[in-house]
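Take a look at the structure set out below.
The values are calculated or read from the model by the stated rules, or taken from the named source; none is laboratory data. Being a predicted model, the structure only gives us computed values, none of them experimental. When we count neighbours, we look across all protein chains shown, and the Cβ atoms used for this are built from the backbone with ideal geometry, even at glycine. The protein model used for the area step is the full one, side chains on, heavy atoms only, and it has no ligands, DNA or RNA in it. Shrake-Rupley method; radii C 1.70, N 1.55, O 1.52, S 1.80 Å.
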Amino acid sequence: MENKSIAVLTSGGDAPGMNAAIRAVVRTAIAKDFRVIGVHRGYNGLLNKDIFEMNLRSVSDIIHRGGTVLYTARSEEYNSPEGVRKAAENCRELNISGVVVIGGDGSFRGARDLTNEGIPCVCLPGTIDNDIACSDYTIGFDTAMNTAMEMVDKIRDTAQSHDRCSVVEVMGRRCGDLALETGIAVGATSIIVPEMPFDIDKSIIARIKETQNSGKKHFIIIVAEGVGGVDKMAEYIQKTTGIESRATVLGHVQRGGSPTLRDRTVASMMGHKAIELLVDGLSNRVIALKDGKVVDYDITEALSMKREFNQKLYQIALDISI
Ligand code: F6P
């Protein structure tokens, strides 16, 4: 890479561990004699030249912090060919010869477009949704699962005290992974995800009645955001079974908080790898975790991959949460 200047940005929804990734990118790049440019608020920062030079100390004391010190945004203006061209021109003007993008699949499409305009990009999967097909894992997923688990544990206390049914919606967009893993960890009676067929009478009411027959008096139902409708579900459960029911949407609590060890280490490894790829002259790549190894894929190839839902884990949940 000729002029040795790399930019880093976070884009889309924030995720715990993004700061650890930024830290790894900045420190690895500086170790390899690059200048590092921090870009504020995702692609908007490239359009507005909202940038600053980063040094080793710019990323001190951030590895344990949630959110992103670079701020993040979903950019409307960038979402057009003119926007992408303007961002690429600004990169050239600012002597930015490579960009590390930390975000989800929308951010990857932005990186592919920028690469096509001549600016080499490498992406890191940063989203609590775990919905990136090419990677077994996305930065933020572990923290979000643990937060959801802790919150549902608290809800369980009150459901137990009142002999109630609690229907809890967790995030994940169209992906049921957060619901599935959280549901297993909290011993949910039913886990409702977009990837599996859903019939309220079979998937929830029948299971509540079955467990009721063996003496259970309080119930947790975990519903993925991609299915939604927890208020109506709680109403129906109460009407059909006579069990007092409450609905909770966990919401953005799942996006914040100090990242877990797993999110910090995966983010650090991926951030390091991103710079190695740029140093080797590669671009249009997505870093991924596959069978415990850090690997990389072409962005276009990565975007065309289909996610596989963990049917085995879903069946385990059905078998044991009864
Ligand atoms: O992609 C992360 C995520 O938290 C999803 O789980 C959720 O659907 C969405 O972002 C919420 O977006 P916003 O931050 O715009 O409310």
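How many residues are more than 16 Å from the ligand (Cβ to nearest atom) and either under 20 Å from Gly13 (Cβ atoms) or crowded, with 16+ Cβ neighbours inside 10 Å (or both) when one looks only at segment 213-237?
Number of matching residues: 8.
Condition test on Ala73, is it in contact with a Lys or Arg (Cβ under 6 Å, 6 or more places away or on another chain), at pLDDT 95 or above and within 16 Å of the ligand (Cβ to nearest atom)?
So Ala73 passes the test.
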> Residues of segment 249-294 being of a type in the set (S, T, N, Q) and away from the ligand (no atom under 16 Å from the Cβ), which ones?
Replying inline: Ser258, Thr260, Thr265, Ser268, Ser283, Asn284
> Looking at segment 138-147, which of its residues are open to solvent by 20 Å² or more (accessible area, probe 1.4 Å) and within 25 Å of Lys306 (Cβ to Cβ)?
Replying inline: Asp142, Met145
>> I'm checking my understanding of the structure. Among residues of segment 47-82 that are under 16 Å from Ile6 (Cβ atoms) and among the polar types (S, T, N, Q), which one is least open to solvent (accessible area, probe 1.4 Å)?
In response: Ser58
>> Between Gly242, Gly226, Gly251, which is touching a Gly at 6+ places or on another chain (Cβ under 8 Å) and in the same structural domain as Ser166 (by TED's automatic domain parsing)?
In response: Gly226
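Take the residues of segment 83-137 that are of a type in the set (Asp, Glu) and away from the ligand (no atom under 15 Å from the Cβ): which is surrounded by the fewest Cβ atoms within 10 Å (Cβ to Cβ)? Give the derivation first.
The initial filter retains those residues of segment 83-137 that are of a type in the set (Asp, Glu), namely 89, 93, 105, 113, 117, 129, 131, 136.
Next, from what is left, pick out any that are away from the ligand (no atom under 15 Å from the Cβ): 89, 93, 113, 117, 136.
Details: Glu89: 14, Glu93: 9, Asp113: 22, Glu117: 16, Asp136: 14.
If we take residues in segment 83-137 being of a type in the set (Asp, Glu) and away from the ligand (no atom under 15 Å from the Cβ), then Glu93 is surrounded by the fewest Cβ atoms within 10 Å (Cβ to Cβ).
Residues checked against (1) at pLDDT 95 or above; (2) of a type in the set (A, V, I, L, M); (3) in contact with a helix residue (DSSP H, G or I) (Cβ under 7 Å, 6 or more places away or on another chain):
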site	(1), (2), (3)
Asn213	no, no, no
His218	yes, no, yes
Ile222	yes, yes, yes
Glu225	yes, no, no
Asp231	yes, no, no
Tyr236	yes, no, yes
Thr240	yes, no, yes
Ser245	yes, no, yes
Thr248	yes, no, yes
> Take the residues of segment 148-184 that are open to solvent by less than 60 Å² (accessible area, probe 1.4 Å) and more than 22 Å from Ile316 (Cα to Cα): which is farthest from the ligand (Cβ to nearest atom)?
Replying inline: Arg164
> Applying the selection to segment 192-204, what residues are away from the ligand (no atom under 16 Å from the Cβ) and open to solvent by 10 Å² or more (accessible area, probe 1.4 Å)?
Replying inline: Met196, Pro197, Phe198, Asp199, Ile200, Asp201, Lys202, Ser203
> What's the number of the condition Asn90 fails, among (1) under 26 Å from the mean Cα position of the chain (by Cα); (2) at pLDDT 95 or above?
Replying inline: (1)
